[in-house]
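Bear in mind that the values in this text are calculations on the coordinates, not laboratory data. Please read these numbers as outputs of a predicted model, since none were measured by experiment. Reconstructed Cβ throughout: ideal geometry from the backbone, glycine too, with neighbour counts over all protein chains shown.
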Amino acid sequence: MRISRRKRPQKPLIPHYKKNNEIQAEELLVLDGEGRSLGEMSKRDALDAALEQELDLVEINPKANPPVAKLINFTEFKYQKEKEAHKQKAHSRTSETKGVRLSVRIGKGDLEMKLKQAEKFLNRGDKVKIELQMKGRENARPDLAKEVVKDFAADIAKDIDIKFEQEVEKQGRKVTAVIVKK
């Protein structure tokens with residue numbers, strides 16, 4: 001048997017809605033299927049109205065005074081809420097920090113490839129961390145490394161409007177900067 005290591009959400013996609021006899025409030029503001037108000041009713045009268053129309057009484061807003069309930073088919077309602085939640089989840093995307101590594105002696109072709117990669121990341125909405133690792137005698141000249149990083153950011157700025165989230169700075173043997181699209 002295959003073990004799934006995929007993380008599952010801790011909370012359900014849609015909140016729990018009380019329906020029919022689960023509703024505890026005695027007085028309810030009742031809405032019909034189109035959202036028109038039927039007025040305040042006792043829980044018993046609202047349940048009778050739901051039975052007549054072969055619908056469910058679903059508590060939409062329990063915190064209101066009096067709580068709001070709606071006469072609808074619960075399975076269709078739940079399906080619509082799940083569909084909306086999936087749509088929201090699909091459209092929400094967190095931005096990641098993508099890294100681009102350079103060197104002091106980087107060639108022109110490699111630099112162009114790194115530029116295209118960084119532009120792709122920025123257009124996707126990600127942050128780009130420009131990182132330059134210095135080796136050996138390069139550590140004696142951090143100003144050259146900073147210049148390479150600044151030139152790289154300037155080349156990106158020709159095509160894309162960017163801003164520095166973290167300015168160019170030396171951190172140990174590395175020179176780093178973080179840029180984002182404005």
Report summary line: Cα-Cα longer than 21 Å, checked against K43/K63; K108/K163; K146/K174; K114/K158; K89/K163, kept in input order, equals K108/K163; K89/K163
Query - Theoretical gain in end-to-end length, V180 to R141 [0.36 nm per residue, Cα-Cα removed] - result: 11.3 nm
Report summary line: Across all Cα atoms of region 113-175, Rg and the largest Cα-Cα distance (Dmax), in Å, are 12.4, 37
Query raised in the report: So if we plug the beta-carbon distance of A85 and Q133 into 1/(1 + (r/R0)^6) with R0 = 30 Å, what FRET efficiency do we get, rounded to 0.05?
Result: 0.10
Query raised in the report: Expressed in nm to one decimal, what extension gain is obtained for the pair K116 and E40 from 0.36 nm per residue of sequence separation less their Cα-Cα distance?
Result: 21.1 nm
Report task. Report the calculated FRET efficiency for E165 and F74 (r = Cβ-Cβ distance, R0 = 45 Å), to the nearest 0.05. Result -> 0.45
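Pop the C-beta distance of K108 and Q53 into the FRET formula with R0 = 45 Å and round what comes out to the nearest 0.05.
The value I calculate is 0.05.
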Query raised in the report: Which aspartates and glutamates have a Cα lying under 12 Å from the Cα of K181, excluding residues fewer than 8 positions away in the same chain?
Result: E119, D126, D159, D161, E165
Query raised in the report: How much of the DSSP beta bridge set in region 20-91 is antiparallel, as a percent to the nearest 5?
Result: 75
